[in-house]
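Here the structure comes first, spelled out in structure tokens, and everything after it is commentary.
Bear in mind that the values in this text are calculations on the coordinates, not laboratory data. Bear in mind that the values here come from a model prediction, so they are computed numbers and not experimental data. With ideal geometry, Cβ positions are generated from the backbone for all residues, glycine too; neighbour counts draw on all protein chains shown.
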Amino acid sequence: MPNQYGRDVRDPSGFVLLADFVPTILQEIRYYTTYNFIGDRIDGYEQPVALLTVEAARALKTVSAELAVQGYRLKIFDAYRPATAVRHFMLWGIEDQDIRMKPYFYPGLDKQELFTRGYISKRSSHSRGSAIDLTLFDMSAGRELDMGGPFDLFDERSHPDCRLVTGEQYENRMRLRNAMLRGGFEPYECEWWHFRLSDEPYPDTFFEFPVSADYLRR
């Protein structure tokens, strides 16, 4: 199934298991679980693993090494996201009237505003394989750093530069942001947790293969 550039969107050969490159990462792949803004496991998530392009994984390894010296580990919520998962999001927005997760993930917005305000789009940089959602885990304290709001909270408080958070929470966000910038990643203006490799290898390809270590190793 090639795209217009000749790349087979079912071919995972340019991808790796992130844990193979960065063994110290923690993983909580939310879309494999039911604890997400839809409330069901998302299509295409067959195993709770993080996949990335080789280039993005190498860059994140550098970031991880820098932060480890400061006493932090990376915790991953999402990495490569198949286009089938994005279609699941869109169908939920168009056809599904279920809003059971609204109190947890979009308490201040109507469901359709998630799309009109850019929190969810028809095409995701995650599907190109070089974007990642993550936070920092404080090894000495044994918990995630307080970022002033959880992953996938669709709210103004999730904007990286939001000043509704405390000074400490803002500093925590900037610690993650600055490390990712030094590692070659770009932030996203609506989500403190989202970063994309600046020099991504497949900028025009939205992959379809599942999130699965087994599929990757076939």
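With the highest mean first, a sort of the peptides 68-76, 136-144 on other beta-carbon atoms found within 10 angstrom per residue produces 68-76, 136-144. Kirkwood-type hydrodynamic radius, the chain: 17.6 Å, calculated from all non-identical alpha-carbon pairs. Note on the chain: with charges restricted to the Cβ of Lys and Arg (+1) and Asp and Glu (-1), its dipole about the Cα centre is near 260 debye. Taking every full run of DSSP H in the chain, the ones that stretch at least 20 Å from end to end by Cα along their long axis and average 0.5 or higher on the Kyte-Doolittle scale are 54-69. The GluC sites (Glu not before Pro) of the stretch 37-107 meeting both criteria, a DSSP state outside H, G, I, E and B (loop) and at most 16 other C-beta atoms within 10 angstrom of the site's C-beta, are Glu46. Our note on the geometry: Cα centres of the stretch 124-152 and the stretch 72-114, 16 Å apart.
Annotation note: trypsin sites (Lys or Arg not before Pro) in the stretch 144-214 located in DSSP loop regions with a Cβ neighbour count of at most 16 within 10 Å are Arg163. The DSSP beta bridges internal to the stretch 1-134 are antiparallel in roughly 75% of cases.
For the stretch 145-218, the list of GluC sites (Glu not before Pro) that fall in a loop by DSSP and count at most 15 other C-beta atoms within 10 angstrom reads Glu189.
Calculated [222 nm] ellipticity per residue, helices only, for the chain: -8000 deg cm²/dmol; basis is -39500 (n - 2.57) per DSSP H run with n ≥ 4, divided by all residues, nearest 500.
Distances between placed amide hydrogens fall under 5 Å for Glu144 paired with Asp138, all partners being 5 or more residues away or on another chain. Within the shell of other residues whose beta carbon sits under 10 angstrom from the beta carbon of Asp78, the net charge comes to -1, with Lys and Arg scored +1 and Asp and Glu -1. Pull out a ≥ b ≥ c, the square roots of the eigenvalues of the alpha-carbon gyration tensor of the stretch 36-80, then state rounded if a/c is under 1.5, prolate if not and a/b is larger than b/c, and oblate in the remaining case. Taking the square roots of the gyration eigenvalues as a ≥ b ≥ c, the stretch 36-80 is oblate.
Near Leu26, the amide H atoms lying under 5 Å from its own belong to Leu74, Lys75, Ile76; only residues 5 or more places off or on other chains count, and H is placed 1.01 Å from N. From the square roots a ≥ b ≥ c of the eigenvalues of the alpha-carbon gyration tensor of the stretch 100-218, which class results: rounded (a/c under 1.5), prolate (a/b over b/c), or oblate? Taking the square roots of the gyration eigenvalues as a ≥ b ≥ c, the stretch 100-218 is oblate.
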